[in-house]
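The values are calculated or read from the model by the stated rules, or taken from the named source; none is laboratory data. Remember, predicted model here, so these are calculated numbers, not experimental data. Ideal geometry is used to build each Cβ from the backbone, glycine not excepted, and the neighbour counts take in all protein chains shown.
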Amino acid sequence: MFTEKERRRRLAAADSLMREKGLSAMLIVGNGTIGNKAFGCFRYFIDNRIYYHMQLFAAIPGEEPIVCCGTQTHLLALNSRGVRDVRLVGDDVLGGAIKILKEKNITSCRVGYCPEVTPAGWPGALRRAFPELELVDVTEDIYALRTLKSDEEISAARAGAAAADKAYERLCSFAAPGVSEMELAAELEYTMKKAGAEETYIALASGRFGDENDFPGSVHGASETGRSLLPGDCISVEMSPRWQGYWTQLVRTVCLGEPSEELRAAHEACLYAMKNAAAALKPGAAIRDIADIICRSINEKGFEPSFPLGRVCGVDLFEEPLSAKSGLCLTEGMTVVLRPAVSRKGSSSVFHWGETFLVTASSGESLAGCGSELRAILSKGGEAKC
């Protein structure tokens with residue numbers, strides 16, 4: 001939970017945004033879904049994790065925010081986060097929004113919202129209630145505020161990365177032939193939550209690297225297969241904890257036995273691409289250029305990139321993909337996952353590796369503390385570095 005000073009900083013930014021855009025209010029819907037940059041807008045201002053239904057953040061220039069929620073439990077949680085005006089509306093969050101606009105006489109004005117997280121029926125219902133109301137998409141404007149990180153936000157990212165490090169160490173001590181993907185995922189989730197993560201996202205793949213019929217090209221949810229590990233397998237895992245609202249990600253591949261020369265070469269290609277991309281993670285750098293550096297570096301090592309190459313993360317885990325199509329530029333304090341997965345031309349076996357970096361004035365600073373060695377698990381509980 002963030003300090004009152006940090007909460008006030010964010011509400012002041014919302015106030016400035018509304019005045020700048022000529023808005024009489026903003027209606028920002030929040031829910032428990034993990035998504036792209038739109039999904040974290042509610043959490044950014046309110047710092048409340050929604051685990052049931054949805055809530056509404058109503059901001060009005062110069063006034064204390066209003067939050068509509070459905071349960072007494074959420075009301076108490078919101079009060080503990082400094083929200084003074086919390087309204088219990090049950091499941092009728094839309095009715096709560098209409099009531100607030102009527103109460104504040106906001107009936108023929110400009111109102112900001114985030115279309116992607118607003119229920120599809122809301123805009124029509126709001127226009128029927130207030131025919132002269134103009135709804136304005138403020139998703140990108142709010143996201144621009146979110147890219148300017150405070151020291152508290154950066155500290156949360158560092159703590160989350162430390163939780164992911166612990167999960168990786170547990171991966172190396174727990175993985176063994178006979179352990180199922182589901183058991184492994186459960187152990188990693190437990191480790192990260194025990195370390196303080198409020199939420200986790202885990203995806204993995206397992207099989208014999210280089211065997212086109214056995215090792216998948218992408219990671220998946222562990223519950224999709226329930227596959228048990230075999231001697232000689234490789235295990236690729238995305239370990240993503242959310243700490244005080246902020247996501248980080250650590251991606252590692254480990255071997256149940258000695259790694260092949262092809263696996264070592266793929267690992268080297270990933271490290272080479274990450275090193276070159278990290279050097280370019282500076283304020284003002286374009287995301288599309290970072291993506292290009294990763295692809296060119298992978299090609300130089302004789303491999304082909306497998307997408308996604310990584311992403312900007314923060315209040316949302318997938319805020320902006322590292323893509324040639326992205327128009328986003330980096331700001332100091334952003335957190336970026338570099339994830340240069342690689343494969344040989346014509347092969348479906350993909351090697352996965354990556355970690356979260358902090359954008360600094362000079363380059364990207366890795367938040368991972370677990371090292372970059374390719375690890376081999378030679379016996380249960382006995383891990384060796386290669």
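Does residue 86 satisfy being assigned by TED's automatic domain parsing to the domain that holds residue 136 and touching a residue at least 60 places away in the same chain (Cβ under 8 Å)? Write out each step before concluding.
Details: assigned by TED's automatic domain parsing to the domain that holds residue 136: yes; touching a residue at least 60 places away in the same chain (Cβ under 8 Å): no.
Criteria not met by residue 86.
Scan region 240-261 and tell me whether some residue there is among the charged types (D, E, K, R) and surrounded by 20 or more Cβ atoms within 10 Å (Cβ to Cβ). Lay out the reasoning, then the answer.
Taking region 240-261 first, the residues among the charged types (D, E, K, R) are 242, 252, 258, 261.
So of that shortlist, the ones also surrounded by 20 or more Cβ atoms within 10 Å (Cβ to Cβ) come out as 242, 252.
Yes; the residues of region 240-261 include at least one that is among the charged types (D, E, K, R) and surrounded by 20 or more Cβ atoms within 10 Å (Cβ to Cβ).
Determine if region 9-29 includes at least one residue that is under 18 Å from the mean Cα position of the chain (by Cα) and either buried (at least 22 other Cβ atoms within 10 Å of the Cβ) or free of Cβ contacts under 8 Å to residues at least 40 places away in the same chain (or both). So far as region 9-29 goes, no, none of its residues is under 18 Å from the mean Cα position of the chain (by Cα) and either buried (at least 22 other Cβ atoms within 10 Å of the Cβ) or free of Cβ contacts under 8 Å to residues at least 40 places away in the same chain (or both). Restricting attention to region 40-55, the residues being within 21 Å of residue 318 (Cα to Cα) and assigned to a loop (DSSP other than H, G, I, E, B) number 6.
The requirement of being assigned to a helix (DSSP H, G or I), surrounded by fewer than 16 Cβ atoms within 10 Å (Cβ to Cβ) and acidic (Asp, Glu) is satisfied by residue 169.
Mind checking whether some residue in region 292-305 is modelled with pLDDT of 95 or more, closer than 25 Å to residue 199 by Cα and out of contact with any Phe, Trp or Tyr (no Cβ under 7 Å at 6 or more places or on another chain)? So far as region 292-305 goes, no, none of its residues is modelled with pLDDT of 95 or more, closer than 25 Å to residue 199 by Cα and out of contact with any Phe, Trp or Tyr (no Cβ under 7 Å at 6 or more places or on another chain).
Considering the conditions (1) in a loop (DSSP other than H, G, I, E, B); (2) touching a helix residue (DSSP H, G or I) at 6+ places or on another chain (Cβ under 9 Å), residue 348 is excluded by exactly one of them, (2).
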